[in-house]
Amino acid sequence: MRYSMWCMVIAFALILQVPSAWASTYSIPADKIDVQKVYLGAPSGFEKAAKIDYESVIKATPEYEEVKRKHIEPGTGKYWILLSQASNRAVRAISEVGQHTGYDFIAAQAYLGGLEPGIPSEDITPLVLDRVKDTEKVPKESTNLMDKSKDKEESKTARRRE
């Protein structure tokens, strides 16, 4: 009886250890970490890595398209403001795709490709590009949550009825 009980305890302990062995954990050595090329996650430990072509994502933003369409000169204030907005939009899209797909580490394509030993990763650039295109369809009125003009109009109409 004691022998079978002891075997069950050992078997149970082994079963608990097996799932952790299935999921490979990766990390980037401290001397190779470049925080400018990491868009989501911690380089010190992750399980599901993805890579993106950041330049393609920036070029797909409406802000970058405005720079090209209006021939805004590089180095001007307007240029840097639009590029900053394009970067913010890109990082937001990357973060949203990461949250919805389960990737716990997303970095620049060239960065992950240049690491030794290589880290297996999937290119999610098309998913991020789709997300950027979805966010540009949002009407400007709905993005401004502080706009109370519609509420004011409704309250004026309600007061007139009273």
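One residue is enough: does region 52-75 have a residue meeting the conditions in a strand (DSSP E or B) and touching a residue at least 12 places away in the same chain (Cβ under 8 Å)?
Just the residues of region 52-75 that are in a strand (DSSP E or B), to begin with: 52.
Pick out the ones that are also touching a residue at least 12 places away in the same chain (Cβ under 8 Å) and you get 52.
Yes: one or more hits.
Across region 85-113, what is the number of residues that are of a type in the set (Lys, Arg) and crowded, with 20+ Cβ neighbours inside 10 Å?
Step one: filter region 85-113 for residues of a type in the set (Lys, Arg), giving 89, 92.
Among the residues that remain, those that are also crowded, with 20+ Cβ neighbours inside 10 Å are: 89.
So the count comes out to 1.
Residue 134 satisfies every condition listed in (1) at pLDDT 80 or above; (2) more than 22 Å from residue 62 (Cβ to Cβ); (3) exposed (fewer than 13 other Cβ atoms within 10 Å of the Cβ) except (2). Residue 116 satisfies every condition listed in (1) within 18 Å of the chain's Cα centre (by Cα); (2) surrounded by fewer than 20 Cβ atoms within 10 Å (Cβ to Cβ); (3) under 30 Å from residue 31 (Cβ atoms) except (1).
Counting residues in region 34-49 that are closer than 20 Å to residue 125 by Cβ, over 16 Å from the mean Cα position of the chain (by Cα) and either modelled with pLDDT under 95 or polar (S, T, N, Q) (or both) gives one or more.
For residue 115, the criteria (1) outside any loop (DSSP other than H, G, I, E, B); (2) within 25 Å of residue 33 (Cβ to Cβ); (3) in contact with a Pro (Cβ under 9 Å, 6 or more places away or on another chain) hold in every case but one, which is (1). For region 31-51, a residue qualifies if it is without any contact (Cβ under 8 Å) to a residue 12 or more places away in the chain and of a type in the set (Phe, Trp, Tyr), but none of them does.
Would you please name the residue that is farthest from residue 44 (Cα to Cα), looking only at residues in region 80-136 that are among the acidic types (Asp, Glu) and in contact (Cβ under 8 Å) with a residue 24 or more places away in the chain? Quick ask: steps written out before the conclusion?
Filtering region 80-136 down to residues among the acidic types (Asp, Glu) leaves 96, 104, 116, 122-123, 130, 134, 136.
Next cut, in contact (Cβ under 8 Å) with a residue 24 or more places away in the chain only: 96, 104, 122-123, 136.
Details: 96: 21, 104: 11, 122: 19, 123: 20, 136: 34 Å.
Ranking the candidates gives 136 first.
Taken together, 58, 106 contain a single residue that is aliphatic (A, V, I, L, M), touching a strand residue (DSSP E or B) at 6+ places or on another chain (Cβ under 6 Å) and within 21 Å of residue 131 (Cα to Cα), which is 106.
Per the conditions (1) β-branched (Val, Ile, Thr); (2) outside any helix (DSSP H, G or I); (3) at pLDDT below 55, the sole criterion not satisfied by residue 18 is (2).
The values are calculated or read from the model by the stated rules, or taken from the named source; none is laboratory data. As the structure is a prediction and not an experimental result, all values here were calculated from the model. FYI the Cβ positions are ideal-geometry reconstructions off the backbone, even for glycines, and counts take in every protein chain you see.
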